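The values are calculated or read from the model by the stated rules, or taken from the named source; none is laboratory data. The model shown is predicted, which means the values in this text are computed figures rather than measured ones. Glycine gets a Cβ as well: all are built from the backbone with ideal geometry, and neighbour counts include every protein chain shown. Note: areas computed on protein heavy atoms with side chains; ligands, DNA, RNA excluded. Shrake-Rupley method; radii C 1.70, N 1.55, O 1.52, S 1.80 Å.
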Amino acid sequence: MNLFRVLEISGSALLAERIRAEVTAANLANVETTKTENGGPYQRMNVVFGARPVGFHSFNGMMLASLADLHAEDVRVVGLAPDTTPPIRRYEPGHPDADKDGYVSYPAINPAEEMVNLMGAARAYEMNASAVASTKNMIQAAITILS
Amino acid sequence: MSWLQTPNLIMLQRFLDVDAMRQTLVTTNVANVDTPGYHTRDVDFRGEMMRAMNGQADDGTSPFVMPVRGLLARPDGNNVNLERESMLLAEVQLQFKTATSILHTEFLQIHTAIHEGQ
């Protein structure tokens, strides 16, 4: 595998971590959302990551691949899983979304947990960005053989 | 063996190859830092360089890839250790740079020989 494909692996992780940060931000923004298009309170979303072997573009490429290439896997967001924790019920009889007993359902979101998730995504993003820098350095070093 | 295939050049070529493979796997490990159930993997760098030094690197086989032992797994089964991986990122990169500058010097020597030392 050439080093440019290695850049793509880091790129896939940058994308996945960005999606994770986006979903976490959406969770944080909707911490008090009681009404959605589907009715009911906002449902907290979890991002599910999965490793996926890096595809080979041709049969020839597959045959020439080394063991390391076959073990190279990039990361994908395989799905968004809604959190199944039941909503938090608060007694607010004057609220327009209150049920007949006067309770309002709020999404079960813990802002502290979301912040930790956001920090994790940001750190993982930084780490992958430095992996890109390192691979770029290697490519540049390889070019200097020519000069 | 052609005149250009000196043991030094063959060795350096293999070194760069294995180093690039190692970079692939380190990058894969870093990319999958949040993938549940993912296990850290690495090439058998030392073993492969031993084989290269014994002149066995030319048989077209690829280095062994093995799961790294002794790392603490998180509850989701992932055992990527970011400290290990960032150290390796720096290490692999510097090794690669070292090998390329040695290779550059080797070619400069040939160049000098062609131009009769002028």
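Worth pointing out:
Conditions tested, residue by residue: (1) of a type in the set (D, E); (2) open to solvent by 40 Å² or more (accessible area, probe 1.4 Å); (3) over 28 Å from the mean Cα position of the chain (by Cα); (4) within 30 Å of B:E106 (Cβ to Cβ).
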site	(1), (2), (3), (4)
A:G50	no, no, no, no
A:I88	no, yes, no, no
A:K100	no, yes, yes, no
A:E114	yes, no, no, no
A:Y125	no, yes, no, no
A:M138	no, no, no, yes
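- B:T24 vs. criteria in contact (Cβ under 8 Å) with a residue 60 or more places away in the chain and not hydrophobic (A, V, I, L, M, F, W, C): no
- Every condition in (1) facing another protein chain (nearest Cβ under 10 Å); (2) open to solvent by 50 Å² or more (accessible area, probe 1.4 Å); (3) among the hydroxyl-bearing types (S, T, Y) holds for B:T112 except the one numbered (1).
- Unique residue being acidic (D, E), part of a loop (DSSP other than H, G, I, E, B) and more than 7 Å from every other protein chain (Cβ to nearest Cβ) when the list is B:D76, B:D42, B:D34: B:D76
- Filtering B:A73, B:A31, B:A90 for residues that are aliphatic (A, V, I, L, M), under 19 Å from A:N137 (Cβ atoms) and surrounded by fewer than 16 Cβ atoms within 10 Å (Cβ to Cβ) leaves a single hit, B:A90.
- Restricting the search to helices (runs of 4 or more DSSP H) fully inside region A:29-147 and requiring at least 1 residues that are away from chain B (no Cβ under 14 Å) and at pLDDT 90 or above gives A:111-144.
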